[in-house]
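One structure is given here, and the rest of the page talks about it.
The values are calculated or read from the model by the stated rules, or taken from the named source; none is laboratory data. As the structure is a computational prediction, the values presented were derived from the model and not from experiment. Every residue, glycine among them, receives a Cβ derived from its backbone with ideal geometry; neighbour counts consider all protein chains shown.
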Amino acid sequence: MAPPTELILTLNAGSSSIKFAAFPADPAEGRAAFRGAFDGIGVKPGFKVQDGEGALIDAFIWDRPDALGGHAGALSHLMAWLERFEGAGTVRAVGHRIVHGGTAYAEPVALTPDVLDGLRALEPLAPLHQPYNLAGIEAALAAFPEAVQVGCFDTAFHRAHPWVNDTFALPRRFYEAGVRRYGFHGLSYEFIVSHLRAAAPAAASGRLIACHLGNGASMCAIKAGQSIGSTMGFSALDGLPMGTRCGQIDPGVLLYLMGQQGLSVDEVQTLLYRESGLKGLSGLTSDMRDLETSKDPQAADAIDYFVFRIKRELGAMAAVLGGVDAIAFAGGIGENSSLIRERVCAEFGWLGVTLDTAANQSGAAVISRSGGPVTVHVVKTNEEAVIARHCRALLANRL
Ligand code: ADP
């Protein structure tokens, strides 16, 4: 491998992991030079890097939980690794995946101290993601002080929603105070649209329902490339059931749990974010692969509920769009589970969806039969590539 000399580094910092990828700063070479992750930060830290083709370049596991030293330690390790790694080059920009940009950011932004203050104020809106995203930024500022730091937001793609899709039916003052349907997974949806613009222009320019189905899962109604509706709302809990998150729930259940069963806010938060969804329903696991192979009837129940809610939300998204021209599946489940794709598509014969079973099994990019009114696509999403593209644009504007 001959890595380029100027790099854009993308970072996606979670509570115990940091995923990273490095792209050439030169837009002529779009592919990632390498990608990798730190995981088990604070527990059993590990580090792994692969080249652009997926071959392992380096891996390391620390023997003590505190040996790496948190997010800051991870990024100084990455910086040292980059210096050691022959010819890896200099990092010109660091692009950060940030879950919440609030109402202010519909576009990526250079991270100045003022912008960071604004993002810190959003921590209560995304308590399980935003603080770690910001810890990643602090660590990157220290590790790569010469680089331009760029924030890319999962909420940004949804900022043009019509008001009826942006609000809850609460007194207006709550909307003004930021209690809105923000929508998430925007970087993935942006990738899906840009990918389809090249691979299937009619799908990208028409009425598209994009399904990002991973550990986190949501769907997005996209008209002519613009998000007009999302299943996720104020938090990343709403809409579809997920690995460990509940998805749509009657708010009366929360009143009951807290008022009658005495659960604290923290206990409800843990219940909804960490103990529900596929894991809660199956009583087994949040992992779809394991559920699909399990003989336990509760595993089948969990999959039934997952498919049923996708069916309901897909119907809702079709109504928001006034019809459907294309459906795109992405995310770990959407990209890899032919079973879930088949079961979802089987529900939508009435919409004109006809599955090409062989194409679905073989991992083809288009899995609908030709000639039908709705094309069905499988897109290997790439949020890092979107972040790198935004960084390049921001760097170009600074010249
Ligand atoms: P995250 O939201 O954390 O990025 P991913 O997009 O990686 O998550 O999705 C993880 C989910 O994808 C897990 O439920 C995993 O079981 C599922 N998955 C990955 N590969 C397959 C597969 N071959 N068949 C079914 N599910 C799969």
Check your understanding: What number of residues in the stretch 72-95 are touching a strand residue (DSSP E or B) at 6+ places or on another chain (Cβ under 6 Å) and in a helix (DSSP H, G or I)?
Key -> 1
**Study point:** Filter pass, Phe168 being part of a loop (DSSP other than H, G, I, E, B), touching a residue at least 24 places away in the same chain (Cβ under 8 Å) and aromatic (Phe, Trp, Tyr)
**Key:** yes
Practice item. Name the one entry in Ser218, Ser227, Ser188 that is in a strand (DSSP E or B), among the hydroxyl-bearing types (Ser, Thr, Tyr) and either farther than 30 Å from Ser286 by Cα or touching a Ser or Thr at 6+ places or on another chain (Cβ under 8 Å) (or both). Key: Ser218
Review point. Only one residue in Leu213, Leu237 is in contact with a Leu (Cβ under 7 Å, 6 or more places away or on another chain) and closer than 19 Å to Lys279 by Cβ, so which one is that?
Key: Leu237
Check your understanding: Take the residues of the stretch 194-246 that are within 14 Å of the ligand (Cβ to nearest atom) and of a type in the set (Ser, Thr, Tyr): which is surrounded by the most Cβ atoms within 10 Å (Cβ to Cβ)?
Key -> Ser218
Exercise for review: Scan the stretch 145-153 and give yes if some residue there is in a helix (DSSP H, G or I) and closer than 20 Å to Val193 by Cβ, otherwise no.
Suggested key: no
Check your understanding: Which one is surrounded by the fewest Cβ atoms within 10 Å (Cβ to Cβ), of the residues in the stretch 12-55 that are free of Cβ contacts under 8 Å to residues at least 24 places away in the same chain and either touching a helix residue (DSSP H, G or I) at 6+ places or on another chain (Cβ under 6 Å) or acidic (Asp, Glu) (or both)?
Key -> Glu53
Revision key, fill the gap. Taking the stretch 96-125 and the residues there that are of a type in the set (A, V, I, L, M) and in a loop (DSSP other than H, G, I, E, B), the one that is surrounded by the fewest Cβ atoms within 10 Å (Cβ to Cβ) would be Ala121
Check your understanding: Would it be correct to say that Ala135 is touching a strand residue (DSSP E or B) at 6+ places or on another chain (Cβ under 7 Å), farther than 21 Å from Asn382 by Cβ, small (Gly, Ala, Ser) and loosely packed, with under 15 Cβ neighbours inside 10 Å?
Key -> no
Exercise for review: Return the total of residues in the stretch 275-302 being among the basic types (Lys, Arg) and surrounded by 20 or more Cβ atoms within 10 Å (Cβ to Cβ).
Suggested key: 1
Practice item. Would you please list the contacts, defined by Cβ atoms under 6 Å and residues six or more apart or on different chains, that run from a residue in the stretch 204-217 that is farther than 18 Å from Val378 by Cβ to a residue that is acidic (Asp, Glu) and more than 7 Å from the ligand (Cβ to nearest atom)? Key: Arg207/Asp325
Check your understanding: Is there any pair linking a residue in the stretch 324-341 that is farther than 25 Å from Ile228 by Cβ to one that is near the ligand (Cβ under 7 Å from one of its atoms) and not in a helix (DSSP H, G or I), with Cβ under 8 Å and at least six apart or on different chains, and which?
Key -> Gly332/Gly214; Gly332/Asn215
Revision key, fill the gap. For the stretch 368-399 the number of residues that are more than 23 Å from the chain's Cα centre (by Cα) and among the hydrophobic types (A, V, I, L, M, F, W, C) is 4
Exercise for review: Kindly state which strands (runs of 3 or more DSSP E) lie completely within the stretch 29-68 and contain at least 3 residues that are under 18 Å from Tyr132 (Cα atoms).
Suggested key: 34-39
Exercise for review: Output the number of residues of the stretch 218-232 satisfying the condition of being over 14 Å from the mean Cα position of the chain (by Cα) and on the phi < 0 side of the Ramachandran plot.
Suggested key: 7
Check your understanding: Out of curiosity, is Phe157 at pLDDT 95 or above and either touching a Lys or Arg at 6+ places or on another chain (Cβ under 9 Å) or within 30 Å of Gly70 (Cα to Cα) (or both)?
Key -> no
Revision key, fill the gap. Over the stretch 340-366, the set of residues over 25 Å from Asp290 (Cα atoms) and aliphatic (A, V, I, L, M) is Leu351, Val353, Val366
Review point. Among the residues of the stretch 259-274, is there at least one that is away from the ligand (no atom under 16 Å from the Cβ), surrounded by 15 or more Cβ atoms within 10 Å (Cβ to Cβ), under 22 Å from the mean Cα position of the chain (by Cα) and assigned to a strand (DSSP E or B)?
Key: no
Check your understanding: Tell me, which helices (runs of 4 or more DSSP H) lie completely within the stretch 282-399 with 1 or more residues that are within 17 Å of Gly216 (Cα to Cα) and either away from the ligand (no atom under 12 Å from the Cβ) or out of contact with any strand residue (DSSP E or B) (no Cβ under 8 Å at 6 or more places or on another chain) (or both)?
Key -> 288-293, 297-321, 331-336
